[in-house]
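See structure below.
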2 protein chains.
Amino acid sequence: MKKLSEKQKKVLEFLTNYTDARGYPPSIRDIAAACKISSTSVVDYNLKVLENGGYIRRDPEVSRGIEIIESSRRREKVAEIPLLGYVAAGEPIPVPQADTWTSTPLEMIVLPDNMVTDKKAVYALKVKGTSMIDALIDDGDTILVRQTQEVRNGDMAVVWLKKEMESTLKRIYFSKTRKKVRLQPANRYMEPIYTELNNIDVQGKVVAVIRLLG
Amino acid sequence: MKKLSEKQKKVLEFLTNYTDARGYPPSIRDIAAACKISSTSVVDYNLKVLENGGYIRRDPEVSRGIEIIESSRRREKVAEIPLLGYVAAGEPIPVPQADTWTSTPLEMIVLPDNMVTDKKAVYALKVKGTSMIDALIDDGDTILVRQTQEVRNGDMAVVWLKKEMESTLKRIYFSKTRKKVRLQPANRYMEPIYTELNNIDVQGKVVAVIRLLG
DNA sequence: ATAATATTAGAACCTATGTTCTTAATTTAA
DNA sequence: TTAAATTAAGAACATAGGTTCTAATATTAT
């Protein structure tokens with residue numbers, strides 16, 4: 001695809017600005033005036049270039065019949081993630097079952113979709129208390145958890161301890177044999193937990209932490 | 001505000017559908033055809049009703065000069081924030097000047113607008129190193145800073161220390177007389193900094209911390 | 001340098017499209 | 001029922017605005 005000339009960039013920029021500001025696209029003569037082009041045919045020419053480049057779509061014979069393609073504009077930039085509940089010290093961390101998933105969301109959190117790869121398998125939890133301060137997660141933070149068993153060494157994961165019957169949020173490290181795991185708090189003053197691999201269920205993986213301050 | 005007639009609802013619905021589908025609004029005759037209205041003047045009449053009701057805005061003498069107000073549609077759900085630079089240990093934290101603001105952004109970060117009250121005065125910094133681990137901010141985290149002098153007791157702020165000629169990121173506490181300040185790391189093992197109020201410049205306030213993990 | 005390609009200019013043409021006026025039918029208010 | 005709004009029709013008008021043609025000038029490639 002050819003590179004756009006300065007004038008063409010200018011036209012495209014004006015096109016988006018105008019459309020954003022007014023709610024409808026500019027006429028060819030509007031463009032001419034704004035971009036200091038002296039002839040409508042020149043605008044037409046440059047619009048054809050933009051159209052061939054896939055930047056815009058034009059409908060012939062239609063006044064202001066210009067649609068800006070700009071994939072970034074058309075694409076949904078936001079994903080809505082269900083906030084399923086709270087995580088507090090010691091308490092089991094809620095994990096969505098097939099039913100909780102649809103029924104329970106306390107609210108929906110709007111996020112830019114670049115923070116979420118797979119929208120379906122991600123849920124949010126609000127952290128209550130400073131129980132996870134060791135993982136640099138504060139009271140009031142929101143964590144995004146992706147439901148997955150695939151965790152790699154060092155990932156921060158929501159882990160269900162079968163024997164202890166509770167969940168924790170820790171970094172997970174596997175032994176060489178992969179039979180044992182070390183659940184490591186980020187805080188060096190806290191002791192890691194050592195346990196058998198078959199004593200744990202990985203419920204998900206923390207993919208993001210969001211902290212909103214005053 | 002008057003209730004809309006069936007026909008007016010139909011016109012408004014067509015208006016939004018058409019605009020969504022095509023990227024530009026319909027002409028009056030397009031509306032007439034789609035809504036089975038036999039005269040352009042009738043469409044004009046109904047558009048006037050819609051305009052008085054605040055549903056649309058019209059620009060006179062402009063073909064397809066219709067903007068759909070529908071507040072939910074117009075409101076941008078995402079804000080684009082400039083990522084201005086990195087913060088590393090000891091180094092002065094970059095603060096946007098009139099010129100840096102426009103020229104320097106490394107990239108734009110897309111955020112839901114509910115995370116940003118005033119889009120203009122907010123910029124993002126990427127944290128390099130663990131120098132701010134005491135404030136629960138890790139290497140690689142992105143912090144959002146709002147440019148403001150108005151900080152309240154306990155706010156996390158970017159503070160310029162005049163004498164020391166460097167910036168730090170600390171929680172700020174004022175003395176009763178407001179002559180002195182205590183700059184408090186979140187980490188209890190680190191000592192707070194005490195200094196005169198006139199030795200500091202508050203450059204901004206951290207409004208959010210975002211941490212993306214695997 | 002020469003050819004090919006990209007860009008600019010201006011004008012004329014034509015129709016798509018908003019505007020307006022008059023009249024009539026409906027609906028609502030009194 | 002009668003009067004007052006509201007809504008609908010149709011036609012004529014004026015112009016906003018897309019199209020097209022010819023020609024000139026820059027840019028880039030050979």
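Rule-based calculations on the coordinates, nothing more; no lab input. Model, not experiment: these values are computed from the prediction. We place every Cβ from the backbone using ideal geometry, glycine too, and count neighbours over all the protein chains shown.
FRET efficiency for the B:Glu166 to B:Leu212 pair, using the beta carbon distance and R₀ = 30 Å, is estimated at 0.60.
Each residue, A:Lys3 and B:Lys36, gets one label point 7 Å from its Cα in the Cβ direction; the gap between the two is 5.6 nm.
For region B:1-68 versus region A:136-214, the inter-centroid distance based on Cα atoms is 56 Å. Label-to-label distance for B:Asp20 and B:Thr130 is 5.0 nm, based on points extended 7 Å past Cα in the beta-carbon direction.
On a 19 Å Cα-Cα criterion, which of the cross-link pairs A:Lys126/A:Lys205; B:Lys126/B:Lys180; A:Lys126/A:Lys180; A:Lys128/B:Lys205; A:Lys10/A:Lys48; A:Lys10/A:Lys36 come out too long? Write down the numbers at each step before the final one.
Working: A:Lys126/A:Lys205 15 Å; B:Lys126/B:Lys180 30 Å; A:Lys126/A:Lys180 30 Å; A:Lys128/B:Lys205 24 Å; A:Lys10/A:Lys48 14 Å; A:Lys10/A:Lys36 10 Å.
Result: B:Lys126/B:Lys180; A:Lys126/A:Lys180; A:Lys128/B:Lys205 exceed 19 Å.
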